[in-house]
1. Which one of these does Leu103 not meet: (1) exposed (fewer than 10 other Cβ atoms within 10 Å of the Cβ); (2) in a loop (DSSP other than H, G, I, E, B)?
2. Could you look through region 5-22, keep only residues that are part of a helix (DSSP H, G or I) and closer than 19 Å to Leu63 by Cβ, and pick out the one that is farthest from the chain's Cα centre (by Cα)?
3. Considering each of Phe77, Phe62, Phe51 in turn, give the residue that is farther than 14 Å from Thr15 by Cβ and surrounded by 11 or more Cβ atoms within 10 Å (Cβ to Cβ).
4. Can you name the number of the only condition in (1) at pLDDT below 85; (2) in a helix (DSSP H, G or I); (3) surrounded by 10 or more Cβ atoms within 10 Å (Cβ to Cβ) that Asn167 fails?
5. Of all residues in region 108-142, how many are over 14 Å from Ala155 (Cβ atoms), assigned to a helix (DSSP H, G or I), free of Cβ contacts under 8 Å to residues at least 12 places away in the same chain and of a type in the set (A, V, I, L, M)?
6. Would you tally the residues in region 141-164 being of a type in the set (Gly, Ala, Ser) and either buried (at least 16 other Cβ atoms within 10 Å of the Cβ) or not assigned by TED's automatic domain parsing to the domain that holds Leu125 (or both)?
7. Which members of region 23-45 meet the condition of being among the β-branched types (Val, Ile, Thr), outside any loop (DSSP other than H, G, I, E, B) and surrounded by 15 or more Cβ atoms within 10 Å (Cβ to Cβ)?
8. How about region 54-104: which of its residues are of a type in the set (Lys, Arg) and either touching a Lys or Arg at 6+ places or on another chain (Cβ under 9 Å) or closer than 30 Å to Ala21 by Cα (or both)?
Amino acid sequence: MPIRLGSVSEDFHVTAVDLSAVLKINEGEISRLARNGTLMRIPYPGKRRVFVYPVFENVRRFLEYLLSAKEQVHQQFLQEKARRERALANRAEVENKFRDGSLVDRNEMLGSLIPTITAFRSHVLSRSDRLARELALAATHKSKATIIRRADEKALEVLAGLLDGNNGARKKV
């Protein structure tokens, strides 16, 4: 077979079957890529629903499509890699803070706060009866608001005392 030289400046057209053999993809994929605008197709003169494809133009477009898909996968890989590296850095930072003592163990902290929270909860729940009696005796709206404010201040004093470790007995200054 003699070698025949051609020029890439002169594009030629082929059918979907021939283009699929050149690009190593099936005809359905050729049609899908042409419908979404990745590949270029031209209606065949005189025949309805038959298309021809410029070879060089579509090889170039298909390579750009493959490279852009590869680039997207690479970008996703880089994002995932950065996410993993951030997670490892955060984990190392937490471990270092814990080792230095600047980070407290969550279970230990909750274990020390649960008695305080429980005591404050029972104080708040028991105040409703006291408040109901006092509010029933109050005549004006202003006196009722004052009673509620005093009860809230007392509850905050109890909480501050519990957090100080004085079992609710806060010193008056």
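1. The one condition Leu103 does not meet is (1).
2. Asp18
3. Going through Phe77, Phe62, Phe51 in turn, just one is farther than 14 Å from Thr15 by Cβ and surrounded by 11 or more Cβ atoms within 10 Å (Cβ to Cβ): Phe62.
4. For Asn167, the failing item is (2).
5. Looking only at that region, the number is 7.
6. 2
7. Listed by number, the list holds a single entry, Ile30.
8. If the condition is that a residue be of a type in the set (Lys, Arg) and either touching a Lys or Arg at 6+ places or on another chain (Cβ under 9 Å) or closer than 30 Å to Ala21 by Cα (or both), then Arg60, Arg61, Lys70 are the ones that fit.
The values are calculated or read from the model by the stated rules, or taken from the named source; none is laboratory data. Bear in mind the structure is a predicted one, so any value in this text is a computation, not a measurement. Note: ideal-geometry Cβ built from the backbone for every residue, glycine included; neighbour counts use all protein chains shown.
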